[in-house]
Amino acid sequence: MSDLDRRAFGRSAAVAAGTLSALSASARAAGSNERVRLGIIGVGNRGDQLLSAFLPHKDCEIVSVCDVFEPYLVPAQTKVGGKATLVSDYRRMLDAKDIDAIIIATPDHWHALQFIEACRAGKHVYVEKPTSLTIGEGKRMVEVAKETKRITQVGFMRRSSAFIQEAVELIRGGAIGKVTSAKCTFRRNEMPMGIGNPADGMPPPGLNWDSWLGPAPKVPFNENRCLYKFRWFGAYSGGQVTNQGAHYIDVIQWALGQDAPKGCFAAGGKYAVDDNRDIPDTMEAVWQYDSALVTYSQYNANGASTNLRGTDMEFRGTTGTLYLQDGFGWEIVPESNRTESVPALSPIDRAGNTKQGRATKLVGKPRGNKGASSTEAHARNFLDAIRKGTPTTCPIEVGHRSTSATILAKMALACGRYLAWDAAAEQVVGDDDANKLLNYEYRAPYQLG
């Protein structure tokens, strides 16, 4: 590995390697000639996609499927070969001695409970992003994973994608100079009706609504609150900033070589879309890092492009801008740097001013590469970690830090002010009211282990 490689990947690899160094031989579930036996909790939209990502790997087997919506179970069982055990209570899966690892693809408000219980049951865990609903939950997930010495992977699949790794290596290696600004955008015009505005009613046949709610407050059933659309409600999700934004912030922190901001401010609201969501349709979040400003823009009442290439991420460096998007790849557009200082404009030296103003030269050459992320590759990385003891590309420590930045933005929006962040203590500095949002009271009888 070159020095550049070490610089680019040393930080995240060090975290992962530190976790793995604590693992005893017994923590690795499968030998080189055995199949990793998997159980999956949640087989809705994302869970079904994860089945597709794991199935091509012939050294693993899906042996148990869990969901609280009965109509999802048999199709998932059929997809994985027809023999998987079907359960509606995930605790039965955790009790099974022949399951090596658990895949968690439930709504965000369930992640922490199921992750912690799976670790304590001796299972390795692949958990979808965002890691948790609150920062306090994520912190506890990290503690329990370390305590139980489990192998973990958070579903930030871009970490296992070659073209993203290449872009991160270029940025950290100085290919666009000093990066002072990174921007990310989620834009989708959802006008005028958005997700709709259905009345409360009865759950559909086969849905255990109380179990779906779990630790969340008890409320009447509404079809928009579950089965994918839960992401538009703050009791179950951080909204699009933790759903889509977390993917982008994970890559941005990785590329900047930083794992936490110094603070955050956010503004936005539900300004245009006519539906029953309680998250914004328009939002801006700004994070202050040690040497760069990072912004997230959410436009759900307009879908126009926000930069030269229409990508969802851009990194502005002193010698170039790198545009990055899944399916697009990356592209570097070089900057022009000055060969003389900026002129002092003068009414008696217009010719000299013009000459000085044009005293620039192009730095570098345009270049780029196509690429798309692969959840299949991320699944492969998790399986290799279990079988071979190699690091995962996004262990819970890393995924938690990326998720935390986006939850901090949700907190800043709720508070309506800038929140200074102490990353070591995982606390908002000097703001007791904001710190109350680091956790929430679970509905009885649920408790965070």
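A few comments on the model shown:
- For region 256-280, residues that are surrounded by fewer than 24 Cβ atoms within 10 Å (Cβ to Cβ), touching a residue at least 60 places away in the same chain (Cβ under 8 Å) and either in a loop (DSSP other than H, G, I, E, B) or not aromatic (Phe, Trp, Tyr) (or both) total 15.
- Scan of region 94-118 for residues that are under 22 Å from ALA216 (Cα atoms) and free of Cβ contacts under 8 Å to residues at least 60 places away in the same chain, ordered by number: LEU94, HIS111, ALA118
- Selection over region 287-328 of residues that are outside any strand (DSSP E or B) and touching a Phe, Trp or Tyr at 6+ places or on another chain (Cβ under 6 Å) gives a count of 2.
Yes/no matrix, rows are residues, columns are (1) at pLDDT 95 or above; (2) of a type in the set (A, V, I, L, M, F, W, C):
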{"residue": "GLN325", "(1), (2)": "yes, no"}
{"residue": "PRO334", "(1), (2)": "yes, no"}
{"residue": "ALA351", "(1), (2)": "no, yes"}
{"residue": "THR360", "(1), (2)": "no, no"}
{"residue": "GLU397", "(1), (2)": "yes, no"}
{"residue": "ARG401", "(1), (2)": "yes, no"}
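- For GLY206: the one exception among (1) assigned by TED's automatic domain parsing to the domain that holds ALA118; (2) at positive phi: (1)
- Among the residues making up region 150-172, those that are surrounded by 24 or more Cβ atoms within 10 Å (Cβ to Cβ) and among the polar types (S, T, N, Q) are THR152, GLN153.
- VAL333 outside any strand (DSSP E or B) and among the aliphatic types (A, V, I, L, M): no
- Leading residue by the ranking (surrounded by the fewest Cβ atoms within 10 Å (Cβ to Cβ)) among those in region 41-55 that are in a loop (DSSP other than H, G, I, E, B) and hydrophobic (A, V, I, L, M, F, W, C): LEU55
- SER237, sole failed condition from (1) of a type in the set (S, T, N, Q); (2) over 17 Å from the mean Cα position of the chain (by Cα); (3) assigned to a loop (DSSP other than H, G, I, E, B): (2)
- Of the residues making up region 404-449, those that are within 23 Å of ALA121 (Cβ to Cβ) and among the hydroxyl-bearing types (Ser, Thr, Tyr) are TYR442, TYR446.
- Residue match in region 351-369 (condition: in contact with a helix residue (DSSP H, G or I) (Cβ under 7 Å, 6 or more places away or on another chain) and closer than 23 Å to TYR248 by Cβ): yes
- Criterion violated by LYS58 - all others in (1) more than 24 Å from ILE116 (Cβ to Cβ); (2) in a helix (DSSP H, G or I) satisfied: (2)
- Out of THR311, THR319, one residue alone is within 26 Å of CYS264 (Cβ to Cβ), assigned by TED's automatic domain parsing to the domain that holds LYS410 and not aromatic (Phe, Trp, Tyr). It is THR311.
- Taking region 132-233 and the helices (runs of 4 or more DSSP H) fully enclosed by it, the elements with 3 or more residues that are in contact with a helix residue (DSSP H, G or I) (Cβ under 9 Å, 6 or more places away or on another chain) and closer than 30 Å to LEU362 by Cβ are at 162-172.
- Of all residues making up region 267-278, the number that are within 14 Å of ALA414 (Cβ to Cβ) and touching an Asp or Glu at 6+ places or on another chain (Cβ under 7 Å): 3
The values are calculated or read from the model by the stated rules, or taken from the named source; none is laboratory data. These numbers come from a predicted model, not from an experiment. Heads up, the Cβs are rebuilt from the backbone with ideal geometry, glycines too, and the neighbour counts pull from every protein chain shown.
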